[in-house]
Structures are given as structure tokens and as C-alpha cells.
């Protein structure tokens with residue numbers, strides 16, 4: 001852990017939180033992800049060794065506690081100190097939405113990560129009693145077919161055909177669907193522009209938008225866009 005050698009709360013906090021990947025690990029933990037493999041799935045690009053090291057550091061500094069008997073039974077839970085970081089992540093996310101967030105870069109368009117995020121944001125209480133199969137056919141920078149299997153108690157991401165009949169087919173440019181998920185473009189606008197198309201059982205097609213809570217950052221992104229349109233603010237060079 002890098003030490004700044006300054007007796008200052010900002011310096012001390014930065015020693016714990018400012019390392020690469022650490023804020024995103026905290027973001028995942030705040031979202032309720034508690035297993036190592038699930039953290040790894042939500043953070044493509046991080047090595048498993050680095051993830052393990054960051055988790056050990058957060059444990060040593062009192063941000064999280066580890067429980068279980070080891071291996072897949074191990075769980076990582078935020079301590080009260082870690083839970084307080086929700087406000088920090090919200091502020092950082094809001095600032096990013098206002099000043100550093102544009103259209104997605106090609107290397108950010110990962111369909112598996114997108115479906116993994118969607119899996120965590122399903123509104124189970126709004127689902128019908130039966131199993132729902134949603135097929136996603138992505139085109140554009142990333143192409144391929146993927147599936148979500150939704151029930152009242154569980155959601156599965158499938159990279160191969162689940163051998164169940166599809167109830168809702170989502171055909172979308174993947175960049176467009178990311179924009180919808182993050183709140184940059186309303187789903188209705190994407191449907192009218194035909195960058196996203198929904199087909200299937202009519203009642204399920206109509207209900208599809210209500211089955212997801214969408215991204216936790218969507219509201220901040222929408223607010224930032226509204227303010228930018230009214231004030232003419234430009235983004236920082238991070239989007240260059």
C-alpha cells in the first residue's frame with residue numbers, strides 16, 4: 001500500500017481507496033456481490049491475483065470482513081466503515097456523470113458484463129409466475145446472442161442457448177443498449193429509432209421495461225444530461 005507521508009484524512013483515505021480497481025471492487029460489494037467468482041465476473045480485466053490482493057488489503061484496513069470456510073464458501077461483506085462508502089461512490093459517480101461520461105468506448109462494450117449487471121437489477125416482484133426467457137441478439141461493435149432466464153427467485157445468464165422457448169427477443173446495437181441501460185437514452189427513444197427492437201409475446205414485450213431497475217447510475221446520468229443541455233457544460237478530456 002502506497003503511503004503519502006502526510007498527516008491528513010484525505011491522504012489516509014486515498015491510501016486505502018485510490019488504488020486501481022479498488023473503487024470498482026467497493027462498487028460491486030455495495031451492490032451486494034459477496035463471492036470471489038462473482039466479483040471477478042463483474043470486473044473484467046482484473047487478474048484474480050490482483051483481486052485477491054485488493055480484497056486482503058480492504059480486509060486489513062477494516063473496510064470489509066471475510067467469512068466462511070474458504071474457497072467458494074468464502075464471503076466478503078462490508079463493515080460499517082465500508083457501508084459508509086456508498087456516499088463516496090454516489091458522489092464520484094455523480095461527478096463522473098456530469099463531467100467525464102460520454103458515449104461508450106468500443107472496449108467498454110462487454111455483453112456478458114451488461115447482462116451480469118442486468119441480472120442484479122431484476123425486479124422479481126414484477127415478474128410473472130412462470131419462467132421468462134429473454135434472448136439478446138447484439139450487433140455493432142460486439143455481436144452475438146445471449147440469454148437471461150428469469151424466475152421469481154433466481155436469474156441466470158446463459159452464453160449458450162438454454163433450450164427453452166424465447167419469450168422476449170431483444171435485437172439491439174450493443175452501444176445503444178448500453179446507453180439505454182445507463183440512462184443516456186430512454187428506451188422509448190431507442191425503440192422509435194430502431195436501435196433497439198423488442199419482439200415476442202405482446203404482454204411480455206410491454207412488461208419488459210418494468211422487469212429491471214436499470215443501472216443505479218441511470219438517474220445521475222439523466223440529471224447530468226438535463227443540466228448540460230440547459231447550461232452548455234462540456235465534458236473533460238477523459239472522453240477524448
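Okay, here's what the table says:
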| item | result |
| --- | --- |
| Which listed residue, of 112, 92, is in the same structural domain as residue 212 (by TED's automatic domain parsing) and out of contact with any helix residue (DSSP H, G or I) (no Cβ under 6 Å at 6 or more places or on another chain) | 112 |
| Hits in the stretch 205-218 (condition: assigned to a helix (DSSP H, G or I), in contact with a helix residue (DSSP H, G or I) (Cβ under 9 Å, 6 or more places away or on another chain) and touching a residue at least 24 places away in the same chain (Cβ under 8 Å)) | 207, 208, 210, 211, 218 |
| Top-ranked residue of the stretch 69-88 - restricted to ones that are closer than 25 Å to residue 156 by Cβ and surrounded by 13 or more Cβ atoms within 10 Å (Cβ to Cβ), ranked as modelled with the lowest pLDDT | 74 |
| Set 172, 190: member being closer than 21 Å to residue 108 by Cβ and either assigned to a helix (DSSP H, G or I) or free of Cβ contacts under 8 Å to residues at least 12 places away in the same chain (or both) | 190 |
| Residue satisfying condition, being farther than 30 Å from residue 103 by Cβ, buried (at least 19 other Cβ atoms within 10 Å of the Cβ) and either modelled with pLDDT of 95 or more or not assigned by TED's automatic domain parsing to the domain that holds residue 208 (or both), within set 173, 167 | 167 |
| Within the stretch 44-63, considering residues that are in contact with a helix residue (DSSP H, G or I) (Cβ under 6 Å, 6 or more places away or on another chain) and surrounded by 19 or more Cβ atoms within 10 Å (Cβ to Cβ), the one nearest to residue 117 (Cα to Cα) | 54 |
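The values are calculated or read from the model by the stated rules, or taken from the named source; none is laboratory data. Keep in mind that this is a model prediction, so the values were computed, not measured. All Cβ positions, glycine included, derive from the backbone under ideal geometry; neighbour counts span all protein chains shown.
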